[in-house]
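Here the structure is laid out as structure tokens; the discussion comes afterwards.
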């Protein structure tokens, strides 16, 4: 190949010289001689036979080195962990592994999913895990790709979701190409995400890679689940493994999750069994479908109300012990509160009111009685990172277990059953009767609340949610987006019982999670034969609209219903609050909210956006009576295996 | 299409405290939107559990004295609106607008809410 390049260079140089000589002689002739018609001549010298062969023949390839490409071995390692997909944006720094994955690995397990942004790649992996329970691998382009991915990795970190991230780099400065590849390399490329990954490594040999990849997977999948990272050296990918037989792949053996100390479990059970008003609060408790069953068993043993903060689908909202509608009152009267994998225990039992009081920090009030006993089971206590503040305020509790809640539930259920005094059984049964009545009343109140703004334009969020539900209620559906931005109507009005009926939120509340996480979750649902729907906030969509193309390209069926309130709504209220505090009118300019917070003038046509990315679309819809036909058609498209988007112009919340 | 809840009837509300003040629901709706009330409470005062504790402003708003006192001096999640930000006239018109909003239908009569 090198010889061929030199030959071409000499050939081109010859052409240039001949051209110059020809031009000079022609000019001289024109000045001194009459014009004579001549047969056209070639503008360049004919190449010699050897040069022609070098230019047009099959390139001479040097003898293939013995052994296998290093990145082929990496594929063997990756395949040992049965990773189904690899959402990534292509990049030079992992070209060796990329080629091995699709050619040596046959583009199966993992299958490369073409993404348009690394933030999208990681968020897709995030959403996929919350449905399938399996982590995906994401390749990122060294310094630049990891920086793009950083926000999504932080969301996964805060949401306790495992993702295997590999960042390409080219370590040897004396060998790597200058210019762009050097801009994209770093001596410690994982440093920029180390604060919010559980573990990382930079393998310097293929055997080191095998060991670290399996270790990374194992650590990611040990509660608390978290993202992990590996630096992927370019030379390691493109080197030759001379003796494959000497390389070994460690066997993956899942680590048993940490369980609560038995003495602490028994003491917690004693408090719960003897409580007059026990309350169970859950956030990211149910890691698996079995977690939902265990939680139901515990709640029924105590007939204790469950308040679900919805980090996961923890507890069926059709169960009479699902008491979210009365959360404030129940926490206020509780004598024992059991918190399971709470992201923020302090905010569960206290209130922070952002009104500028107390030296400008706001009011802080306790919601509980001074005598209320607090119990916590959370694996997040095992995290030891300190820079990012996802661990929230310190809440003093009476019994605290650094353990995985779901893994501890069997022992806790057993201990509760043993601790329940027979004298309490009648009271516990009566508590259950009261809960049934309260649940029924709350359901009626919620439905009546949904009737407000039923016919308005912009479309009411309750109306939009129920127009969707009536179209999909007979399907095996899965809500793959959050619904906090639309008054939680889906999780208040739809019967949610199965672990895939909702998947919680982003974790770190970093915008740009919604659309790609929904596509990732829809991918997992596609493989399980389920119908996926995502209520998609408009501001979030504009961070990562390219994921719609990924959904179209890979035929990932997903119904996206735009919650298009044409604003960064939360920020609207923040600016308004501060302006009022300063006794000033928040300046809106030509918009319907403070400058900088609205997405209007011009408005965005999400239907056209989706169409341009290869997705069937309808809207913008402003009249609620136009929803049903559009949604009906969209559901047909999705049932046929394609993504569809319906743009609905909505009320703010 | 008739959007029932957005029809702003030319309601004139006579305030008991100040019979000389005639409030305009039509202007009240404009003021309600301009001052950002709709951002938390929705365009027809329906409220949201995310931004207003799930409490609707309309129909049947609080009695005027309680309503205006709350708007002027609340120290809870909603920021107070002084008369420098929101004039008495605009506040009265907003109140008239809220009074003009019709009652929602009974949920039991909406098939979609009883699937």
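Nothing in this text is a laboratory measurement; each read-out follows from the coordinates by a stated rule. Owing to the predicted nature of the structure, the values given are computational and were not obtained by experimental measurement. FYI the Cβ positions are ideal-geometry reconstructions off the backbone, even for glycines, and counts take in every protein chain you see.
Give the percent of DSSP beta bridges with both residues in region A:333-429 that are antiparallel, rounded to the nearest 5.
DSSP beta bridges in region A:333-429 are roughly 35 percent antiparallel.
So for region A:68-246, Kirkwood radius off the Cα pairs, Stokes-Einstein at 10 °C and 1.306 mPa s: how many µm² s⁻¹?
Estimated diffusion coefficient is 101 µm²/s.
Which value does Rg/Rh take for region A:262-443 over its C-alpha atoms, Rh per Kirkwood?
0.97
Between residue A:578 and residue B:103, what is the FRET efficiency for a Förster distance of 41 Å, r being their Cβ-Cβ separation, to the nearest 0.05?
0.70
What base-10 log of the normalised intensity I(q)/I(0) is obtained for region A:97-151 from the Debye formula, alpha carbons as equal point scatterers, at q = 0.15 Å⁻¹?
-0.46
What FRET efficiency comes out for residue A:628 versus residue A:66 if R0 is 51 angstrom and r is the Cβ-Cβ distance? Round to the nearest 0.05.
0.15
Enter the Cα centre distance for the pair region A:249-325 and region A:157-221, rounded to the nearest angstrom.
First find each Cα centre; the distance between them is then 35 Å.
Between rounded, prolate and oblate, where does region B:7-113 land on the alpha carbon gyration tensor, with a ≥ b ≥ c its root eigenvalues, rounded for a/c under 1.5, else prolate if a/b exceeds b/c?
Oblate, since a/c reaches 1.5 and b/c is not below a/b.
Based on the mean of other beta carbon atoms within 10 Å per residue, what is the order of A:468-475, A:423-430, most packed first?
My ranking of the peptides, most packed first, is A:468-475, A:423-430.
Give the Kirkwood hydrodynamic radius (Å, one decimal) of region A:516-624, defined as one over the mean of 1/r across all pairs of different Cα atoms.
One decimal place: 15.6 Å for the Kirkwood radius.
Roughly how many nanometres apart are two label points built 7 Å out from the Cα toward the Cβ at residue A:369 and residue A:528?
Taking the two extended label points, one gets 4.1 nm.
Calculate how many DSSP beta bridges within region A:262-443 are antiparallel, expressed in % of all such bridges and rounded to the nearest 5.
Beta bridges within region A:262-443, antiparallel portion: roughly 20 percent.
Would chain A count as rounded, prolate or oblate if I go by the C-alpha gyration tensor, calling it rounded below 1.5 in a/c and otherwise prolate when a/b exceeds b/c, oblate otherwise?
prolate
For residue A:354 paired with residue A:248, estimate the spin-label separation in nm (one decimal), with each label point 7 Å from Cα along the Cα-to-Cβ line.
5.5 nm
Obtain the nm distance between the two label points defined at residue A:426 and residue A:344 by a simple spin-label model: each point lies 7 Å from its Cα along the Cα-to-C-beta direction.
Label-label distance for residue A:426 and residue A:344, simple model: 4.4 nm.
Alpha carbon centre of region B:48-95 versus region A:358-437: separation in Å?
36 Å
When you count, for each residue, the other Cβ atoms within 10 Å and take the mean per peptide, how do A:573-585, A:451-463, B:27-39 rank with the highest first?
By packing density, highest mean first, the sequence is A:451-463, B:27-39, A:573-585.
How many partner chain Cβ atoms sit within 10 Å of a residue's Cβ in peptide B:51-62, on average, as a whole number?
For peptide B:51-62, the averaged partner shielding equals 2.
Using Cα pairs under 8 angstrom and six or more residues apart, how large is the relative contact order of region A:68-246, in percent?
Taking the mean separation of contacting Cα pairs over the length of region A:68-246, I get 27 percent.
Quick one: angle between helix A:118-132 and the longest Cα principal axis of chain A, in degrees between 0 and 90, rounded to 10, please.
Approximately 40 degrees, to the nearest ten.
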